[in-house]
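The values are calculated or read from the model by the stated rules, or taken from the named source; none is laboratory data. Quick caveat, the model's predicted, so the values are computed rather than measured. In this analysis, Cβ positions are derived from the backbone assuming ideal geometry, glycine residues included, and neighbour counts consider all displayed protein chains.
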Amino acid sequence: MQIKTEGHDESYSVYTVLKSFFWFERITEKPSDDPDDRDIAVSREYEKDGLLRVDTEITYRGTVHTGHAETSAADMPGDRLAYKRSEKDLIKKSAYDAAESALGHGLKWGILTGIRPAKIARDLTKTVSYEDARALLMNDYYLSDEKSRLILDISKVQSRIIENISCKDISLYISIPFCVSRCSYCSFVSHSIEKAGHLVPQYVSLLIRELRELSGLVSSLSLNIKSIYIGGGTPTSLSEGELSRLLSCINECFDLSSVSEYTLEAGRADTITPKKLTDAKRLGVTRVSVNPQTTNDEILMRLGRRHTREDFFRAFALARDAGFDIINTDVIAGLPGESLDSFRRTIDDIMTLSPENVTVHTLSVKRASTLNYDRVDMTREFDLVSGMLDYSSRILSGAGYAPYYLYRQKSTLGNLENVGYARPGTECLYNVYMMEEVMPVLGAGAGAVCKLLCGGGKIERIFNYKYPYEYINDPSKAAGNHDKLKEMFSAILR
Ligand code: SF4
């Protein structure tokens with residue numbers, strides 16, 4: 001589908017709404033030359049009778065559908081930025097109206113297209129009551145009642161977590177971009193040990209060197225590490241010796257007295273050994289993730305995960321035996337071949353283990369993954385995935401879990417979301433700090449990013465090399481980043 005605009009230049013606003021509806025179609029922001037591209041959306045803005053109006057006309061599969069939104073021109077804000085925001089909302093509402101007519105259904109997230117909707121809810125509840133905020137989300141952003149309540153409930157939990165942050169608090173993220181094998185749905189920059197295992201020893205040595213340098217920066221600026229997160233990839237795909245070296249280095253280099261939580265992603269059951277877990281526990285890790293994604297063996301095999309439902313159960317038991325009293329489990333709704341019943345079985349299986357956190361992702365269909373798209377039914381009713389999320393929400397809420405963080409990605413099935421649930425008091429703080437961008441993050445390793453909050457909502461990012469081989473070939477880049485980081489952080493704290 002191609003987009004054409006008249007009277008405004010906000011084609012991206014039209015695109016984001018249309019992509020949310022027509023997530024299974026190719027959409028171009030500009031008129032295309034492709035003669036087969038007959039679907040077109042025309043968004044036209046004009047003023048008439050004191051009203052600012054936007055008409056959208058969508059020609060989809062040969063049928064024309066129209067949408068309209070308007071507001072009093074005199075009521076538009078005087079401030080340029082605020083004007084632009086209101087104009088964009090009007091354009092989105094008009095596009096939403098037309099797309100809803102074309103497909104015959106609305107969207108639970110309305111015209112909200114950003115990845116962090118909880119922030120909007122937090123901002124609203126600073127000035128209005130819960131009920132007024134709910135009404136605003138439904139009327140101004142077209143959110144469903146269910147999603148409005150979801151983000152308002154999440155914003156309440158997050159506000160409690162965020163209010164305790166001080167200006168010297170930071171999170172430390174350590175990247176291990178290796179996995180034992182690639183899962184077919186994954187687009188993450190992670191190398192399989194089979195192919196890139198020869199890089200691992202040198203990678204770990206350089207990562208340790210980078211962490212030592214970072215520890216000097218943390219102490220020279222008197223920063224407090226609130227959370228440590230070792231993620232990837234699959235950090236437990238390191239050998240027992242390599243993982244123990246890394247954890248020992250963290251323990252020696254950093255002052256852990258201010259750390260509220262220390263997470264190790266032990267995502268794949270086929271990488272978990274008793275020694276890795278007992279070493280992690282002994283060296284200060286307070287929480288681990290053991291992720292089945294599904295407990296359907298046939299699907300696990302097709303995804304290339306190389307572990308079974310039983311392996312997951314065994315790995316989870318090992319984590320408990322090692323003394324971990326906070327364990328997260330990730331699942332994915334909408335995996336190819338997963339029916340509502342088999343998804344329910346996964347959730348029911350997980351409930352028998354009673355983990356403290358459960359994160360329910362919606363499958364995101366990424367071109368960089370190796371998933372066979374012919375086997376993904378792109379047009380399948382989003383009611384199916386929606387039904388999976390509804391089931392998980394109902395079962396988890398009934399079992400005493402509450403949603404505490406949420407993010408949205410592009411190209412998720414049915415334009416649906418990822419939600420983290422936790423038993424009260426066991427929320428993963430890092431997920432909130434990082435996703436809501438409310439705390440600086442110092443990142444180490446390939447693919448890691450340092451994020452600095454510069455005030456007024458401005459965020460500066462300093463990127464490490466993306467791939468392990470680049471990281472290994474040029475270790476001076478990390479050192480240069482640290483100099484920059486120190487300079488910028490000092491200026492912020494001044
Ligand atoms: S284990 Fe995780 S990071 Fe690794 S390939 Fe699978 S989904 Fe991607």
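Results for (1) touching a residue at least 12 places away in the same chain (Cβ under 8 Å); (2) within 26 Å of Arg494 (Cβ to Cβ); (3) more than 16 Å from the ligand (Cβ to nearest atom); (4) aromatic (Phe, Trp, Tyr), shown as yes or no for each residue.
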residue: Gln202; (1), (2), (3), (4): yes, no, yes, no
residue: Ser215; (1), (2), (3), (4): yes, yes, yes, no
residue: Val218; (1), (2), (3), (4): yes, yes, yes, no
residue: Ile228; (1), (2), (3), (4): yes, no, yes, no
residue: Glu242; (1), (2), (3), (4): yes, no, yes, no
residue: Arg245; (1), (2), (3), (4): yes, no, yes, no
residue: Cys249; (1), (2), (3), (4): yes, no, yes, no
residue: Phe254; (1), (2), (3), (4): yes, yes, yes, yes
residue: Ala266; (1), (2), (3), (4): yes, no, no, no
Of all residues in the range 16-48, which are assigned to a helix (DSSP H, G or I) and of a type outside the set (Gly, Ala, Ser)?
Thr16, Val17, Leu18, Lys19, Phe21
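Among the listed residues Thr271, Thr234, Thr294, which satisfies the condition of being in contact (Cβ under 8 Å) with a residue 60 or more places away in the chain, out of contact with any His (no Cβ under 8 Å at 6 or more places or on another chain), of a type in the set (Val, Ile, Thr) and buried (at least 21 other Cβ atoms within 10 Å of the Cβ)? Talk me through it step by step, then tell me what you get.
Numbers: Thr234 fails: in contact (Cβ under 8 Å) with a residue 60 or more places away in the chain; Thr294 fails: in contact (Cβ under 8 Å) with a residue 60 or more places away in the chain.
Unique residue meeting the criteria: Thr271.
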For the list (1) small (Gly, Ala, Ser); (2) within 16 Å of the ligand (Cβ to nearest atom); (3) modelled with pLDDT under 95, I need the number of the one condition that Ser175 fails.
(3)
For the range 19-75, name all the residues that are in contact with a strand residue (DSSP E or B) (Cβ under 6 Å, 6 or more places away or on another chain), aliphatic (A, V, I, L, M) and within 21 Å of Glu87 (Cα to Cα).
Ala41, Val42, Leu51, Leu52, Val54, Ile58, Ala69, Ala73
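One line per residue, one yes/no per condition, for (1) modelled with pLDDT of 90 or more; (2) out of contact with any Lys or Arg (no Cβ under 7 Å at 6 or more places or on another chain); (3) farther than 22 Å from Glu437 by Cα:
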| position | (1), (2), (3) |
| --- | --- |
| Ile115 | no, no, no |
| Thr125 | yes, yes, no |
| Ser129 | yes, yes, yes |
| Asp132 | yes, yes, yes |
| Leu136 | yes, yes, yes |
| Asp140 | yes, yes, yes |
| Ser144 | yes, no, yes |
Would you check if Ser184 is within 9 Å of the ligand (Cβ to nearest atom) and in the same structural domain as Gly334 (by TED's automatic domain parsing)?
yes
Residues that are in the same structural domain as His361 (by TED's automatic domain parsing) and more than 21 Å from Leu243 (Cα to Cα): list the helices (runs of 4 or more DSSP H) wholly contained in the range 274-323 that include at least 2 such residues.
297-303, 309-321
